[in-house]
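Contents: one structure, followed by commentary.
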């Protein structure tokens, strides 16, 4: 038969995974050759072993799933030929490798177990009657399964220095520096000014009076103990030698 | 003297207004940061497992800075109205300290937001989701957190993986060690589920038939809230700091002119 099995072209994310793959259902292919009692098998072989595969002469010689590592091929998905008849039944794809239960139980029935390795496979459909193979399709193109990478290959190092971070950091740093300088400068100037100042009257700094209040003339009050040599109105300066300006 | 009296009053008025705005922004910052810390989207376990949850630290600092700004703005208003040098000096110094903390919070939020790339979530999901044998209690806690969060994310947002369900196919994972590829090309939560949480069509989900599985990635559902969180803290804090800078300069100018 000239039909070539293939992976369905439609967008199915799971059509090829690490251990399974999907095939288009071969509808109407076997109608001319099949009787009611015939069965259609799927032959799965490694791509390099497909040329050496020989169709089994009868059902007893069908290579089972377990022999895949040894003989590099097996047959599975035994279905009645009527399932592939023309009015196409609903699932339009066949999934190879979807049955995980039969792998462990070791039943001799045709087992559609998961494929053990990603190595490219080729498939063909084989119509078997009571006396042996009656028809077969062509081999498919090699189907390569997915190989998964280790997550340690993912590069999770973050990229450096997005523009937002640079803007925020630089502006804030400059604002903070200006503020700190302003505070230190103001405080320093005040401290320096108060150290230098000894008399009423002219001071080196322009002072703005924020509170106007009436000063009534009073006699000089006796100073509290410990305050000496202080002009009135300047508060109490403790006795200490004059500091150099 | 009348003109300088007017200038003084205008300056006082401006500073009081500035402090009122700072007080209100402080309350707003506290409210915003409490909202973020309460984690309404349930993404904290993912960030905790990346060991990079400093945007939460930034939000916590924001809560306290907001309160401090509010309290200090009241202090500032009182100090300006009374023209009291001591009060204003205390105000300026405490405000500087608060400024420094808020600077730290903004820069932390902005920097650590950049750490949270899709790859970091992908790696964490692959290494931790449904990990079977955790090394110690801390690992077990993080694994449970990551698994529960991803399950909730995938079901609520109808998404799968970080960039898509193919993440589970392209990389091996802790999930893959316990769930074989043929039955679980991707987790069951990626399938379209009915009201009871059972996949609508399991075979369709495994094959990837459109409609029976979630084909989008979850990265948008994660990065949206995280971005809002980080930028909310960083940029709002930055705006407050710019305003506070101006008010502080004005206050220092006012303070330097007050007579003893």
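FYI, it's all coordinate maths here, none of it is from the lab. Owing to the predicted nature of the structure, the values given are computational and were not obtained by experimental measurement. All Cβ positions, glycine included, derive from the backbone under ideal geometry; neighbour counts span all protein chains shown.
Across all directions of projection, what mean area in square nanometres is found for the Cα convex hull of the range B:140-234?
7.3
Let me check against my output: what whole-number percent is the relative contact order of chain B, with C-alpha pairs under 8 Å and at least 6 apart?
Relative CO of chain B lands at 26 percent.
State, as an integer percentage, the relative contact order of the range A:21-149 based on alpha-carbon contacts under 8 Å between residues 6 or more apart. Provide the component values of the computation, followed by the final result.
Values: 245 pairs, mean separation 44.4, N = 129.
Relative contact order of the range A:21-149: 34 percent.
If you build the Cα gyration tensor of the range B:57-118 and take the root of 5 times each eigenvalue, what three semi-axes come out, in whole angstrom, biggest first?
Equivalent ellipsoid semi-axes, largest first: 32, 10, 6 Å.
For Cα pairs less than 8 Å apart in space and 6+ apart in sequence, what is the mean separation divided by the residue count of the range B:180-260, i.e. the relative contact order in percent?
Taking the mean separation of contacting Cα pairs over the length of the range B:180-260, I get 17 percent.
With Kirkwood's inverse mean 1/r over C-alpha pairs for Rh, give me the Rg to Rh ratio of the range B:209-260, two decimals please.
Radius of gyration over Kirkwood radius for the range B:209-260 works out to 1.56.
Within 10 Å of each Cβ in peptide A:171-184, how many partner chain Cβ atoms are there on average? Round it to a whole number, please. Each step should come with its number before you reach the end.
Values: counts 5, 14, 2, 1, 10, 7, 0, 3, 11, 3, 0, 8, 9, 0.
Partner-chain Cβ atoms within 10 Å, mean over residues of A:171-184: 5.
What's the center-to-center distance, using Cα atoms, between the range B:182-226 and the range A:110-145 in Å?
31
With 17 Å as the cut-off, how large is the P(r) tail for the range A:21-149, expressed as percent of Cα-Cα pairs?
57
Report, in cubic angstrom per residue, the convex hull volume of the C-alpha atoms of chain B.
Dividing the Cα hull volume of chain B by its residues yields 138 Å³.
At 1.567 mPa s and 4 °C, plugging the Kirkwood radius over alpha-carbon pairs of the range A:15-87 into Stokes-Einstein gives what diffusion coefficient in µm²/s?
The estimated diffusion coefficient comes to 94 µm²/s.
Give the average over all directions of the projected area of the C-alpha convex hull of the range B:46-86, one decimal, in nm². Could the numbers behind the result be given before it?
Numbers: hull surface 14.1 nm².
It is 3.5 nm².
Where does the range B:107-165 land on Rg/Rh, using Cα atoms and the Kirkwood Rh?
Using only Cα positions, Rg/Rh for the range B:107-165 is 1.03.
Rounded to two decimal places and with Rh computed the Kirkwood way over Cα pairs, what is Rg over Rh for the protein assembly as shown?
Computed over Cα atoms, the ratio is 1.33.
Taking only DSSP H segments of four or more residues, each worth -39500 (n - 2.57), what value at 222 nm results for chain B once the sum is divided by all its residues, to the nearest 500 deg cm²/dmol?
The helix-only estimate for chain B comes to -25000 deg cm²/dmol at 222 nm.
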